[in-house]
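The values are calculated or read from the model by the stated rules, or taken from the named source; none is laboratory data. What you are looking at is a predicted structure, and each value in this text was computed from that prediction instead of being measured. We place every Cβ from the backbone using ideal geometry, glycine too, and count neighbours over all the protein chains shown. Please note that ligands, DNA and RNA were not included when accessible areas were found on the heavy atoms of the full protein model with its side chains. Shrake-Rupley method; radii C 1.70, N 1.55, O 1.52, S 1.80 Å.
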Amino acid sequence: MYIIISIWIILVYPYTTVHSKCNITLNILGDKEAECTYQGLTSVPTNLPSDLKKLDLSHNRLTRLNANSFDRYKNLEHLILDNNIIHCLDANAFTGLTLLRLLSLVRNKLNVSTSYKPGVFESLQNLSALDVSRNMNTSEYSDKYNIPVSNLCNLRELSIDLVFNATFGQQFKKLQNLQKLRFDYCHVDILYNDTFLDMPVHIKEFHMTTCKHFVVIEVGVLVPFPHLKVLNLTNSNIHLTQALRILHPFQNKSMDAILFRGITHGNIKHDLDAVVLTLEMMKYISTICITTIDFSDNQIVSVKHNSIVSFKHPDCFEHIMISSNSFSLETWAVNLFLFLRRMTNIKMFDFSYFPLRFKNPVFLDVVTKNNHTTIQKLQYQGRLDVQNITVTFPSQIQFVRIAHVMGRNGFREIKVNNSYLRHLEVSYFETDVFPILTVVGFNNLEHLDLSGINSDITIGAGKIPFLIHLKTLIMKETQLYRVLQTNSSILSLCPNIKNLDISYNYMLKIDSLGQLPHLTQLNLSHNLFDDIPRVVTQFNSLTKLDLSHNQLTTIRKNILNWIDTQHTKFGFFELYLINNPLICSCDTTTFLRWILTTQVQLDKNGNYSCWVSSLKKINYTRNVAEDFHHYFVYCDSTIWIKLGISLLVSVLSTLICITLLYNFRWRIIFFFFRNIRRFAEKGLELNFDYDVYVSYSDDCISFVKELQKKVEDEWGFKICFEDRDFIAGESIATERATAIHRCRHVIFLVSPSIVENEWTRFEIERAKYEKFSKNLQKIVVITRDISLDNIPVEFSSIWKDVLLIQWPIKKDEVQMAWQKLRLWFFNEFSKRFYDWRKFRQECNITSVLLEYTVANCRDKGLTSVPTNLPPDIKELDLSYNRLSRLDANIQNPSLP
């Protein structure tokens, strides 16, 4: 039974199964991978699938690897044993793993001298990456490397620790394919010229990045690596002076990267302090063709004789990073930026974090007056000494960062010509003048960071051009609220941005940010909003909103509905609300319940701290929402009390109204009777010769004939149209005006040719006149083969009085259109007026309150009871006629 259940699980869940505490998954190539981390395992599990390609046993309690530990898993290609306590590897520990390509034993207890048994790696002929770093966490171990790597003929990457007085054996010489050598834990105090003599000569990458104690380096230490392409000494305590000296083996060669970031620390013992770059120090590196160079954070305080721009191959540079130093550009800025223009292949330039000079320092003066010495504080009146320098970046540069610069500005303009620049950071400038950004020709700028600079002197001062391709705009700490008070359309300079960050601006409200139809991410964090700005709901593409660290107490229901709508539209929405003074009370129930039900992705899983008003203490929103009735049991009672009071007031108001209506019922009835009868009698005096006037163009003649057949033959009404009823020889304008005046309604047949028919506009104006004169009852517009956008604008002034029918094409819809036209025009009231006008020659038909119809046929000379009176008459007067007898069944069948 267990076997059947296991097979069923594998069939139903082929991509994620749990087997023996390990998570078995399939990667994108369909290979099985086992993750057995944090299981407390003390030995290698033996009941996993035998066809595993990757096995991760990290963060367990393995102490040693015995013989044939992985004999079952002969297909393994990746084996990860990090963060265990392995201190011994048996000679046959990896037997059978001939396909293994990566072996990682990081952070164990392996000693480079004693833990590796001879032949332990003999089966791993296909291994390409071996990582046994971060095992030697102290310097008390032996200095000889007894790691049997001679059989690793295909090894390309090796990561190990560098011990005190390191001595590598001849076995390392046999690593003929080794390309990358990385030292992690570093306990060495001195590197001799012969330290790496046992290493293979074809190594291309050398990484030594964790030497925290000062390391003395002899100048020939890198001579064993004549083919070196990448030298990475980042964060090792070496000092830039030494690092530049060991580059002499690479003179007049090419290197992909020289990474010297953070290698300079003061050392009194060796008389090393801050760096002053000279031509002598740069004599080796200046001859090398370098693709990437990093001199950041090296305490460079001065550059003598333009030594930093003395490179002989500027066209080789693609990435330059010289940030976090302290040298001034005051005397050689022009030479630096001229040198930058010679870098024809440059893609990235980083010149940031330069604390050169305070903007407005305040000094103290010692003043002696009347034999008394005092100290006075004087405000420094600095001379605005802005050099007239325009910095023009090469067109091929893609990334520029000039941020956190504090000093006297050395240039007035940053200029790019037909540039491929995509990322520009010009932020946190503490300078006298902010440079103008000028873009000439096409530009591809997608990311712009103006943080830390008053927006009055950047985007508000017109120093930023129109950037059509900009996708990300960051304006942190820019006092943006000052500009928005006077100009809410400043972001029109970048209409296509998708990511806008205006955090840390201390804004209380935002009325408008302009039209940003493509905005998807908006960061309003670290402001002072006590309510979500309504302007947010205008961004129909928004899917990420950060409102953390504000003053929100709740979120209004309409905002919640909008957020849910955005989530439904795009399938996801992210909302950040952490560190707001939210309130949990009866007034915020909608928001608290929304947190439990919404599908929107909330930070902290929607569990924010809030002030519980009923208990006067802080709790969490999910706790309160899940047990809401316990915290706010009185909320519903308050609602019922309000509802009861509302119902009581409604009942009392209704009773008062009914009483007033009953007491004054006869006066009210008489009032309506008098006014409605006056209206009806006035209507009876109208003298219309036609029921409908039809306005049309030449392409609607066939439809007019069809309309004539329907209205006159089937419905019994009379229409007037030009081709039949106009008198030949008369003025056409007079005929049209007279015809419209003599008709009760007007139908306009709007077709494509109506635009070219000048008489149609005349008829529209005449219809307006008749409508405003109260003579015309209804105006109907029937559109055929024309869109609503092309209907003449002359209809706009009476559009509220127009009945519109868009004539369909399908037959079943055409019948509905005819029925709609008939219901609109020929309702019962119009029918009754028509019948009254038809029969008033014999009898006087009147209506009382539109419901009580009276026929007065007195003194008409009638000899028999008329049978063609309206069927709904309530009273018939036949006095003073010539009736001689009343025959059977002569009365009107419809009379009550």
Next on the checklist: If a residue must be in contact with a helix residue (DSSP H, G or I) (Cβ under 6 Å, 6 or more places away or on another chain) and either among the small types (Gly, Ala, Ser) or over 29 Å from residue 814 (Cα atoms) (or both), how many such residues does the stretch 698-735 contain?
Outcome noted: 1
Checklist entry - So is residue 482 surrounded by fewer than 17 Cβ atoms within 10 Å (Cβ to Cβ), modelled with pLDDT of 80 or more and in contact with an Asp or Glu (Cβ under 9 Å, 6 or more places away or on another chain) or not? => result yes
Next on the checklist: Among the residues that make up the stretch 535-552, is at least one of them open to solvent by 40 Å² or more (accessible area, probe 1.4 Å) and closer than 26 Å to residue 429 by Cα?
Outcome noted: yes
Next on the checklist: I'd like the full set of residues that are in contact with a Ser or Thr (Cβ under 8 Å, 6 or more places away or on another chain) and over 16 Å from residue 143 (Cα atoms), limited to the stretch 185-208.
Outcome noted: 208
Next on the checklist: Residues that are out of contact with any Leu (no Cβ under 7 Å at 6 or more places or on another chain), open to solvent by less than 40 Å² (accessible area, probe 1.4 Å) and either among the β-branched types (Val, Ile, Thr) or in a loop (DSSP other than H, G, I, E, B) (or both): does the stretch 120-142 have at least one?
Outcome noted: yes
Checklist outcome for this item: Those residues of the stretch 276-303 that are over 42 Å from the mean Cα position of the chain (by Cα), β-branched (Val, Ile, Thr) and more than 25 Å from residue 225 (Cβ to Cβ) come to a total of 4
Item to check | Residues satisfying the stated conditions in the stretch 291-348, i.e. among the hydroxyl-bearing types (Ser, Thr, Tyr) and assigned to a loop (DSSP other than H, G, I, E, B) | outcome: 296, 310, 323, 324, 326, 328, 331, 344
Next on the checklist: Just to confirm my filter: which helices (runs of 4 or more DSSP H) fall fully inside the stretch 722-797 and include at least 3 residues that are open to solvent by less than 70 Å² (accessible area, probe 1.4 Å)?
Outcome noted: 732-741, 758-772
Item to check | Residues being closer than 17 Å to residue 40 by Cα and open to solvent by 10 Å² or more (accessible area, probe 1.4 Å) - total across the stretch 88-108 | outcome: 1
Item to check | Filtered residues of the stretch 32-61 (kept if over 19 Å from residue 99 (Cα atoms), open to solvent by less than 30 Å² (accessible area, probe 1.4 Å) and more than 38 Å from the chain's Cα centre (by Cα)) | outcome: 45, 60
Next on the checklist: For a quick check of your reading of the model, give me the residue pairs whose first member lies in the stretch 495-506 and is in contact (Cβ under 8 Å) with a residue 40 or more places away in the chain and of a type in the set (Gly, Ala, Ser), whose second is open to solvent by 10 Å² or more (accessible area, probe 1.4 Å) and not in a loop (DSSP other than H, G, I, E, B), with beta-carbon atoms closer than 9 Å and at least 6 apart or on different chains.
Outcome noted: 503/474; 503/523; 503/546
Checklist entry - Among the candidates 833, 839, 825, which residue alone is more than 30 Å from residue 877 (Cα to Cα), at pLDDT below 80 and surrounded by 16 or more Cβ atoms within 10 Å (Cβ to Cβ)? => result 825
Checklist entry - Can you tell me which of 473, 450, 508, 513 is at pLDDT 85 or above, of a type in the set (A, V, I, L, M) and surrounded by fewer than 17 Cβ atoms within 10 Å (Cβ to Cβ)? => result 508
Checklist entry - Since residue 179 meets every condition but one in (1) under 25 Å from residue 125 (Cβ atoms); (2) open to solvent by less than 40 Å² (accessible area, probe 1.4 Å); (3) touching a strand residue (DSSP E or B) at 6+ places or on another chain (Cβ under 7 Å), which condition does it not meet? => result (2)
Next on the checklist: Quick check on my filter: what residues within the stretch 148-170 are of a type in the set (Val, Ile, Thr) and not in a strand (DSSP E or B)?
Outcome noted: 149, 163
Checklist outcome for this item: Note: among 609, 613, 525, just one is open to solvent by less than 10 Å² (accessible area, probe 1.4 Å), without any contact (Cβ under 8 Å) to a residue 60 or more places away in the chain and not acidic (Asp, Glu), namely 525
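The rows are residues; the columns are (1) touching a Leu at 6+ places or on another chain (Cβ under 9 Å); (2) of a type in the set (Gly, Ala, Ser); (3) within 21 Å of residue 816 (Cβ to Cβ).
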| site | (1), (2), (3) |
| --- | --- |
| 714 | no, no, yes |
| 720 | no, no, no |
| 723 | no, no, no |
| 740 | yes, no, no |
| 780 | yes, no, yes |
| 793 | no, no, no |
